[in-house]
1. Quick one: would you say ASN121 is within 20 Å of HIS58 (Cα to Cα) and in contact with a strand residue (DSSP E or B) (Cβ under 9 Å, 6 or more places away or on another chain)?
2. Please work out if ALA63 is open to solvent by less than 10 Å² (accessible area, probe 1.4 Å), farther than 22 Å from PHE152 by Cα, at pLDDT 95 or above and over 12 Å from the mean Cα position of the chain (by Cα).
3. Could you list, in sequence order, the residues of segment 117-143 that are part of a loop (DSSP other than H, G, I, E, B) and either surrounded by 24 or more Cβ atoms within 10 Å (Cβ to Cβ) or touching a Gly at 6+ places or on another chain (Cβ under 6 Å) (or both)?
4. Quick test of your reading of the structure: LEU114 fulfils all but one of (1) surrounded by 18 or more Cβ atoms within 10 Å (Cβ to Cβ); (2) over 24 Å from ALA66 (Cα atoms). Name the failing condition by number.
5. Checking the structure you have, find out if any residue of segment 88-99 is part of a loop (DSSP other than H, G, I, E, B), open to solvent by 20 Å² or more (accessible area, probe 1.4 Å) and modelled with pLDDT of 95 or more.
6. Filter segment 172-183 down to the residues that are open to solvent by 20 Å² or more (accessible area, probe 1.4 Å) and either more than 21 Å from ALA41 (Cβ to Cβ) or in contact (Cβ under 8 Å) with a residue 40 or more places away in the chain (or both) and list them by number.
7. For segment 71-83, does any single residue satisfy the condition of being open to solvent by less than 40 Å² (accessible area, probe 1.4 Å), among the charged types (D, E, K, R) and in contact with a strand residue (DSSP E or B) (Cβ under 7 Å, 6 or more places away or on another chain)?
Amino acid sequence: MRARFPITLTLVAVLLACDDHQGTLAPDSGAAVAAPAASLASAASQIAKLRRLVAPFHNFDAAVRAGWSIPVTPCWTSADLPSQPGTGAMGTHWGNLAYIQDGGAVNLLQPELLLYEPEKNGKLRFVGVEYIVPFTDHPASAAPPTLLGHAFSRVPEAGVWGIHIWVGRENSSGMFAPWNPKVSCANAGTQAAHRHG
């Protein structure tokens with residue numbers, strides 16, 4: 001296992017900066033009790049809205065201009081987070097501080113993090129989004145927040161609750177799984193030479 005503690009501590013430090021933002025979790029728009037077919041249709045409609053929102057962010061420079069400009073982690077593989085078993089990688093995480101420091105609100109159209117896979121040519125390929133809620137806003141001992149009826153996972157290494165939605169790259173493990181077997185960090189070393197895609 002490769003240790004990523006300095007970067008993880010950076011994430012925790014960024015998240016702890018929002019300590020003074022008191023707030024409650026936004027209602028989960030997809031968690032209402034409904035017939036299964038209606039719930040699936042509603043979730044599909046919400047995911048379609050998310051896909052439209054992030055469509056410009058396949059261009060990394062557009063994502064930076066839109067506010068996802070904070071490098072939060074290097075390219076993470078499943079070996080980097082023992083609390084999140086699985087195979088594959090997440091990619092690099094780029095954060096939007098306005099959404100990270102929102103008091104723990106959960107809003108489908110305001111993902112805190114965008115995920116990018118480093119490519120061989122040094123560019124970054126958009127693969128998905130991650131929503132995080134710091135333990136300072138929603139304690140680790142509490143019931144998990146939810147989004148579209150899916151529970152967030154505890155990520156103690158980063159001091160957050162988190163959930164992914166793989167809207168940029170299909171995931172055989174599931175759209176909300178923490179790791180994507182199709183995502184790789186094999187080209188992470190090329191990022192330093194060329195970050196923008």
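1. no
2. yes
3. LYS123, PHE135, ASP137, HIS138
4. (2)
5. Scanning segment 88-99, I find at least one residue that is part of a loop (DSSP other than H, G, I, E, B), open to solvent by 20 Å² or more (accessible area, probe 1.4 Å) and modelled with pLDDT of 95 or more, so the answer is yes.
6. Here is the first cut: in segment 172-183, the ones open to solvent by 20 Å² or more (accessible area, probe 1.4 Å) are 172-176, 178, 181-182.
Matches in segment 172-183: SER172, SER173, MET175, PRO178, PRO181, LYS182.
7. Checked against the condition, which is being open to solvent by less than 40 Å² (accessible area, probe 1.4 Å), among the charged types (D, E, K, R) and in contact with a strand residue (DSSP E or B) (Cβ under 7 Å, 6 or more places away or on another chain), segment 71-83 yields no hits at all.
The values are calculated or read from the model by the stated rules, or taken from the named source; none is laboratory data. As the structure is a computational prediction, the values presented were derived from the model and not from experiment. Note: ideal-geometry Cβ built from the backbone for every residue, glycine included; neighbour counts use all protein chains shown. Heads up: the accessible areas ignore ligands, DNA and RNA and are worked out on the full protein's heavy atoms, side chains in. Shrake-Rupley method; radii C 1.70, N 1.55, O 1.52, S 1.80 Å.
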